[in-house]
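Single-structure report; data block below.
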Amino acid sequence: MTCDSGCEDLFTRCAQNPILSARDWPYPINTCFNAGATKLADGRTLLLVRVEDRRGISHLTAARSTDGITNWEIDGAPTLGPEPEQYPEEEWGVEDSRITRLDEINQYAVTYTAYSSAGPAVALATTTDFHSFERLRVVLPPDNKDAALFPERVGDRWAMLHRPMPASKKGSGDIWISYSPDLRHWGDHRRILHSRSGAWWDAGKIGISPPPIKTPEGWLLLYHGVRNTAAGCIYRVGAALMDLENPERLIRRGDEWLFGPETDYERFGDVGYVCFPCGATVDESSGMLHLYYGAADTVMALATARLDDVTDFLLRDGR
Ligand code: BMA
């Protein structure tokens, strides 16, 4: 079925979905989902996959593939695992990475959730090779998660999106932006996109999905939105365009979600009815956006869309 706006046609699920599941893993795990993604200098796609072990604690493991779909080479042990003795903020694991290539300093920034009895916090690490990492540790304190850096400075400062969870918001949460001169110290916090209310699909929490994607029309924000229902939460994906010079300024936000749980692997799993993208890559020659998402907190899946079609949809139907 195609809706009037045509948004249902924007994303196509990969025929090989799920592209990664526990049985592909070189060591025993429970689930693999919510991976950050980037293109390496050699053209391969790297996923930094959240792996939940059989205690319930998550770590991040790198998987590399030439076509970004098949023949994944998966590290034989956790690539970035919790080290609670040195970093107590990782007591209950590290989760949901987002990877941003920072050309200016020739490094990748990895934002992730450091989870402990203090609550979920935003942590940041840098790497050049996804073998060794420099932990900058917690950059925004609990409760806060879903953080992703912009790939270039805004003015003269780095910028990061994130989602604090104030108790007064009673289960909903908004997307904020913060700025830093050095990646370590973050300030000038401002709310830039709020969750809607009532019956809306994104009336619960919203959070950035992959890092912002630069397009000629503006910064494309793909974000997840939660609807709380009597049967549990439904996690879907929507989009907004922000001004290139000033990403605090909203150009357009789509009313309808672009992508949500429909298939069995999205509806059934450890946490059903969840499509949760943390990474995307763009193939410059074809203009295709590859959206990598965790499905039902159990497996990794891929959906593709023409990047132009997504921005056209927002410019045509967004508000
Ligand atoms: C969110 C995050 C995600 C998870 C989702 C659904 O709060 O913790 O890691 O995929 O819930 O369980």
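Is there a residue in region 245-265 that is assigned to a strand (DSSP E or B) and under 25 Å from LEU40 (Cα atoms)? Spell out how you get there, then give the answer.
Step one: filter region 245-265 for residues assigned to a strand (DSSP E or B), giving 250-253, 259.
Imposing the further condition that a residue be under 25 Å from LEU40 (Cα atoms) reduces the set to none.
So far as region 245-265 goes, no, none of its residues is assigned to a strand (DSSP E or B) and under 25 Å from LEU40 (Cα atoms).
Being in a strand (DSSP E or B) and either in contact with a Leu (Cβ under 9 Å, 6 or more places away or on another chain) or farther than 18 Å from ALA123 by Cβ (or both) narrows it down to one residue among ALA63, ALA77, ALA15, ALA41; which is it? Steps first, answer last, please.
On the way: ALA77 fails: in a strand (DSSP E or B); ALA15 fails: in a strand (DSSP E or B); ALA41 fails: in a strand (DSSP E or B).
Result: ALA63 is the single residue among ALA63, ALA77, ALA15, ALA41 that is in a strand (DSSP E or B) and either in contact with a Leu (Cβ under 9 Å, 6 or more places away or on another chain) or farther than 18 Å from ALA123 by Cβ (or both).
Listed residues ALA62, ALA41, ALA77, ALA118; which is surrounded by 21 or more Cβ atoms within 10 Å (Cβ to Cβ) and modelled with pLDDT of 95 or more? Lay out the reasoning, then the answer.
Working: ALA41 fails: surrounded by 21 or more Cβ atoms within 10 Å (Cβ to Cβ); ALA77 fails: surrounded by 21 or more Cβ atoms within 10 Å (Cβ to Cβ); ALA118 fails: surrounded by 21 or more Cβ atoms within 10 Å (Cβ to Cβ).
Residue meeting the stated conditions: ALA62.
Quick grid of which residues meet (1) at pLDDT 95 or above; (2) surrounded by fewer than 18 Cβ atoms within 10 Å (Cβ to Cβ); (3) closer than 19 Å to ARG163 by Cβ:
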site: TRP200; (1), (2), (3): yes, yes, yes
site: TRP219; (1), (2), (3): yes, no, yes
site: CYS233; (1), (2), (3): yes, yes, yes
site: ALA240; (1), (2), (3): yes, no, yes
site: ARG253; (1), (2), (3): yes, no, yes
site: GLU262; (1), (2), (3): yes, yes, no
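From (1) in contact with a His (Cβ under 6 Å, 6 or more places away or on another chain); (2) within 16 Å of the ligand (Cβ to nearest atom), pick out the condition that doesn't hold for MET165.
(1)
Would region 100-114 turn up any residue that is assigned to a loop (DSSP other than H, G, I, E, B), farther than 20 Å from ASN34 by Cβ and either away from the ligand (no atom under 16 Å from the Cβ) or of a type in the set (A, V, I, L, M) (or both)? Show your work before the answer.
So the first thing to find is which residues in region 100-114 are assigned to a loop (DSSP other than H, G, I, E, B), and the list is 106.
Checking the rest, the ones that are also farther than 20 Å from ASN34 by Cβ come to 106.
Next cut, either away from the ligand (no atom under 16 Å from the Cβ) or of a type in the set (A, V, I, L, M) (or both) only: 106.
Looking for residues that are assigned to a loop (DSSP other than H, G, I, E, B), farther than 20 Å from ASN34 by Cβ and either away from the ligand (no atom under 16 Å from the Cβ) or of a type in the set (A, V, I, L, M) (or both), one finds at least one in region 100-114, hence yes.
Being within 22 Å of ILE99 (Cβ to Cβ), within 16 Å of the ligand (Cβ to nearest atom) and of a type outside the set (A, V, I, L, M, F, W, C) is the filter here; which residues of region 240-292 pass it?
PRO277, GLY279, TYR292
Quick check on my filter: what residues within region 193-235 are more than 16 Å from the ligand (Cβ to nearest atom), in a strand (DSSP E or B) and within 17 Å of the chain's Cα centre (by Cα)?
At the first step, the residues of region 193-235 found to be more than 16 Å from the ligand (Cβ to nearest atom) are 193-194, 196-200, 211-221, 230.
Then keep just the ones that are in a strand (DSSP E or B); that gives 193, 213-215, 218-221.
The answer is LEU193, ILE213, LYS214, TRP219, LEU220, LEU221.
The values are calculated or read from the model by the stated rules, or taken from the named source; none is laboratory data. Predicted model only: the values in this text are computed from it and were never measured. Every residue, glycine as well, gets a Cβ built from its backbone with ideal geometry; the counts of neighbours run over all protein chains shown.
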